[in-house]
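*Asks:* Here's a structure for you.
Quick note: the coordinates plus some simple rules give every number you see, no bench work behind them. Because the structure is predicted, anything quoted here is derived from the model rather than measured. Using ideal geometry, Cβ is built from the backbone for each residue, glycine included, and neighbour counts are taken over all protein chains shown.
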Amino acid sequence: MARPKQFDPEVAVDQAMDVFWRKGYAATTPQDLVDALGIGKGSLYNAFGSKHRLYAQALRRYRDNQSLALLNMLEQPGPVKERLRKVLQAIVESDLADPDHRGCMAVNAAAEVAGVDKEAAELVRRMLDRSEQGFRALIEEGQRTGEIDPGRDPAALGSLLMNTVVGMRVVARVAEGPERLTRVIDATLDTL
């Protein structure tokens, strides 16, 4: 008779996500994961197969949580540019409040492993695409309401906003305060 699992795999993925997010893929050892999850190495490999498979699950969890949160913020009522400002400021505030300066796990993954890990690259690409589509939809709404010039290409502006967010997430990892990032937000909104 098989023994019941001593841990909740869903909770374990969240715990692993935190370790990978804080340390990165390469610097995370199996022992780091065992310590964070409170299980033995055998249980880790029996449950998840490999460090890489667990990393992919953690990236999916991050993608699902973060994309949903961003899309929910973008869909709030109110003027489009005000919503965009709130979203960008929320990202800055969240990143600056993080004592570990983790930044964005997806951006970190893109920089660290996307060139050598096709699965991670595809997961990050899908997350960025989903976020960019959310920005594009908001731009199109702003064009319909007259807040944004209807002659501008909404796909290009969605890409600009996504690129702005990626850059801000990187800068926030080393920023000593919000000043530079606030200037980026102001300049970005002025371009719309």
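*Asks:* When we measure straight from the Cα of residue 118, which lysines land under 16 angstrom away, once same-chain ones fewer than 8 places off are left out?
*Replies:* 51
*Asks:* What percent do you get for the relative contact order of the chain when only Cα pairs under 8 Å and 6+ apart count?
*Replies:* 23
*Asks:* Turning to a different aspect of this structure: Could you tell me how many cubic angstrom of Cα convex hull volume region 62-101 has per residue?
*Replies:* Per residue, the Cα convex hull of region 62-101 comes to 60 Å³.
*Asks:* A follow-up question, please. Mind putting a number on the dipole of region 59-171 about its Cα centre? Charges go on the C-beta only, +1 for Lys and Arg and -1 for Asp and Glu, and I need it in Debye to the nearest 20. Kindly include the intermediate steps, with their values, before the conclusion.
*Replies:* Values: 16 positive and 18 negative charges, 23 e Å.
Here region 59-171 has a charge dipole of around 120 debye.
*Asks:* What size of dipole, in debye to the nearest 20, comes out for the chain about its Cα centre when the only charges are +1 on Lys and Arg C-beta atoms and -1 on Asp and Glu C-beta atoms?
*Replies:* Numbers: 26 positive and 28 negative charges, 116 e Å.
That gives the chain a dipole magnitude of about 560 debye.
*Asks:* Give the long-range amide H neighbours of residue 152: residues separated by 5 or more places, or on another chain, with amide H under 5 Å away, using H modelled in the peptide plane at 1.01 Å from N.
*Replies:* none
*Asks:* With θ set to phi - 60° and the Karplus curve 6.51 cos²θ - 1.76 cosθ + 1.60, what are the ³J(HN,Hα) couplings of region 17-25 in order, to the nearest whole Hz, using x for Gly and Pro?
*Replies:* 4, 4, 5, 4, 5, 6, 9, x, 5
*Asks:* Kindly write out, for region 59-70 in residue order, the coupling ³J(HN,Hα) from the Karplus curve 6.51 cos²θ - 1.76 cosθ + 1.60 (θ = phi - 60°), rounded to whole Hz, with x marking Gly and Pro.
*Replies:* After applying 6.51 cos²θ - 1.76 cosθ + 1.60, I find 5, 4, 4, 4, 4, 5, 5, 6, 5, 4, 4, 5 Hz.
*Asks:* As a check on your grasp of the helix formula, calculate [θ] at 222 nm for the chain: sum -39500 (n - 2.57) over DSSP H runs of n ≥ 4, divide by the residue count, round to the nearest 500.
*Replies:* Roughly -24000 deg cm²/dmol at 222 nm, from the helical runs in the chain.
*Asks:* Filter the trypsin sites (Lys or Arg not before Pro) in region 1-75 to those in DSSP coil with at most 12 other Cβ atoms within 10 Å of their Cβ, and list the result. Don't skip to the answer; put the middle values down first.
*Replies:* Numbers: sites: 5, 22, 23, 41, 51, 53, 60, 61, 63; in loops: 5.
Hits after loop and neighbour filter: 5.
*Asks:* Show me 66-74, 148-156 ranked by packing, highest mean number of other Cβ atoms within 10 Å first. Mind dumping the intermediate values first?
*Replies:* Values: 66-74: 15.8, 148-156: 12.8.
Packing proxy ranking, top to bottom: 66-74, 148-156.
*Asks:* Also: Show me, for region 179-192, the HN-Hα J-couplings you get by feeding each phi into the Karplus relation (A = 6.51, B = -1.76, C = 1.60, θ = phi - 60°), rounded to Hz, glycine and proline as x.
*Replies:* With the stated coefficients, region 179-192 comes to 4, 4, 5, 5, 4, 4, 4, 4, 5, 5, 5, 5, 6, 7 Hz.
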